[in-house]
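Here is the structure we will look at.
The values are calculated or read from the model by the stated rules, or taken from the named source; none is laboratory data. Since the structure is predicted, the reported quantities are computational estimates derived from the model, not experimental observations. Glycine also receives a Cβ, built like all others from the backbone with ideal geometry; neighbour counts cover every protein chain displayed. Note: areas computed on protein heavy atoms with side chains; ligands, DNA, RNA excluded. Shrake-Rupley method; radii C 1.70, N 1.55, O 1.52, S 1.80 Å.
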Amino acid sequence: MESGGSVANPFRAGLPASKTAGPSSIIIFGASGDLTARKLVPALYDLAVDGLLPRVAILGASRSDMSDDAFRASLLEGVAQHARHRPVDQALWSTFAASIHYQAVAYDDAASMKALAMRLMAIDQTHAMAGNHLFYLSTPPTVFGPIVRNLGVAGLATPGDGLFARVIIEKPFGVDLATAMALNREIREVLSENQIFRIDHYLGKETVQNLLVMRFANGIFEPLWNNKYVDHVQITGAEVLGVERRSAYFERAGILRDMVQNHLLQVLSLAAMEPPGSFEADAVRNEKVKVVQALRPIEANDPLGRVIRGQYASGSILGDSVPAYRDEAGVQPRSTTETFVALKLFIDNWRWAGVPFYLRSGKRLPKRVTEVAFHFKAAPHRLFKNAKDSIGMEGNVLAIRIQPDEGIALSIGAKVPAASMEIAPVSMEFRYASSFGRDAPAAYERLLLDALSGDGTLFTRGDEVEATWRFITPIHEAWAASTEDPEFYEAGTWGPRGSVDLLRQDGRSWRRP
Ligand code: BG6
């Protein structure tokens with residue numbers, strides 16, 4: 001039930017009972033940044049259009065000075081370009097914008113945070129808000145700790161009776177195991193774990209959640225989901241884009257931190273986890289974290305056999321020449337930052353013993369595609385020995401396409417209609433677009449709604465984020481100790497030679513998604 005406000009909510013008609021939240025103020029730190037204009041506010045607007053948003057007031061905060069009106073104007077531009085529902089409904093936007101405010105803040109200054117707390121109280125009063133507060137940290141990671149500390153000092157971390165104070169923290173959560181542990185310690189001095197929502201936007205994607213639905217709402221897949229039937233699994237997160245204007249960040253991050261430590265390991269844990277006892281946040285996260293903890297460690301002296309590090313050289317994307325990573329603005333001429341990585345992982349548990357999980361992620365690849373593909377073992381006895389068996393190479397593959405062209409494809413061998421026995425691969429397809437005929441909501445819509453209603457299932461728990469860093473950090477340490485360059489690959493190709501060899505040495509090959 002909505003609580004603490006008798007003001008009618010114009011934006012909430014179709015809210016499912018499980019996703020109710022009382023009137024809430026959303027305080028976005030880093031409000032002048034890209035994410036706010038491109039993702040967060042368009043997501044809130046789209047929720048409002050769909051009648052799913054509780055009554056909210058928004059307070060943007062960042063270092064620069066700006067008036068409320070200038071802030072609203074910049075957000076309107078973002079909504080006009082990035083919302084799902086376009087063109088903008090001007091009447092709805094005017095109502096929505098009236099509850100948007102802005103205040104400049106110095107993140108590491110307690111007095112400035114206290115001033116923000118005063119402003120928030122005033123906004124809560126003006127808009128008859130209950131006093132529920134959702135803070136969104138969309139700032140550089142260096143100020144995550146200081147902001148949380150100052151929220152505590154300003155009295156904003158402790159909610160009033162029956163109210164909530166929750167904090168969403170953007171990525172990257174730490175840059176290695178030590179920094180992630182330190183950040184967890186620092187924020188837990190102020191907040192309890194159930195107030196902390198570490199966001200990974202991949203978990204908000206419909207197709208990522210569908211992995212769970214497919215596995216656990218259907219009886220036919222789970223019996224096959226183990227080392228008896230699965231030969232190996234391929235997880236691909238490929239992008240066409242290069243480093244764009246993010247070289248300052250990317251130079252320090254690299255693709256292993258940017259994509260694998262978070263997004264791909266999240267997808268891996270959903271794909272490989274044991275069935276949870278319920279769909280409660282901790283039941284799900286307990287199972288996910290066990291997968292990451294069971295990853296066979298890549299020791300400092302062994303990484304190079306199982307990890308391929310690549311960097312794009314110049315090449316051509318869709319017919320246009322593109323520069324090498326080292327020639328991009330803001331990149332060191334001898335940079336060793338990886339823009340591609342391929343890994344061979346093992347999950348050392350009963351279900352997955354001996355099944356390799358091959359992961360790859362890269363920038364400047366030929367196609368934007370994210371997918372998980374389960375490659376099944378061949379039939380135990382080869383009956384059609386003389387058939388021209390063209391599925392022999394790939395066998396049965398269940399590919400879960402996370403994006404684009406969201407859906408699921410199962411490739412099987414079928415008889416080619418002819419007098420002779422010839423077998424060809426065919427695909428059984430499910431496509432979101434044609435089956436449901438409507439757009440999936442954006443990941444941020446789902447995640448904001450979940451955080452407002454206090455559901456942490458699709459957020460990363462503290463022990464989980466530490467487990468991922470515990471696995472990833474030794475790879476970075478080994479790279480740091482090496483004097484070798486990454487393997488170069490031509491932009492617009494599927495990565496360096498080493499990535500092909502990683503599978504070839506096992507008698508396998510990457511899918512061409
Ligand atoms: C972000 C990374 O977390 O995810 C980006 O920082 C990457 O480098 C992006 O491009 C990919 O997200 P999506 O939703 O476009 O697959």
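Values computed for the structure shown
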quantity: Scope the range 425-465; condition crowded, with 21+ Cβ neighbours inside 10 Å, touching a Gly at 6+ places or on another chain (Cβ under 9 Å) and over 23 Å from R38 (Cα atoms); matching residues; calculated: V465
quantity: Single residue of the range 252-266 satisfying the filter (among the charged types (D, E, K, R) and open to solvent by 10 Å² or more (accessible area, probe 1.4 Å)) that is nearest to the ligand (Cβ to nearest atom); calculated: R257
quantity: Among (1) open to solvent by 20 Å² or more (accessible area, probe 1.4 Å); (2) outside any helix (DSSP H, G or I) - the single one Y102 does not satisfy; calculated: (1)
quantity: Residue in the range 267-276 that is more than 10 Å from the ligand (Cβ to nearest atom), more than 24 Å from G174 (Cβ to Cβ), open to solvent by less than 30 Å² (accessible area, probe 1.4 Å) and under 13 Å from the mean Cα position of the chain (by Cα) present; calculated: no
quantity: Per-region count, the range 336-365, residues more than 16 Å from the ligand (Cβ to nearest atom), surrounded by 15 or more Cβ atoms within 10 Å (Cβ to Cβ) and assigned to a loop (DSSP other than H, G, I, E, B); calculated: 5
quantity: Wholly enclosed strands (runs of 3 or more DSSP E) of the range 139-251 bearing at least 3 residues away from the ligand (no atom under 16 Å from the Cβ); calculated: 165-169, 230-238
quantity: Search result, residues across the range 471-510 that are farther than 17 Å from G310 by Cα and open to solvent by less than 40 Å² (accessible area, probe 1.4 Å); calculated: F471, T473, P474
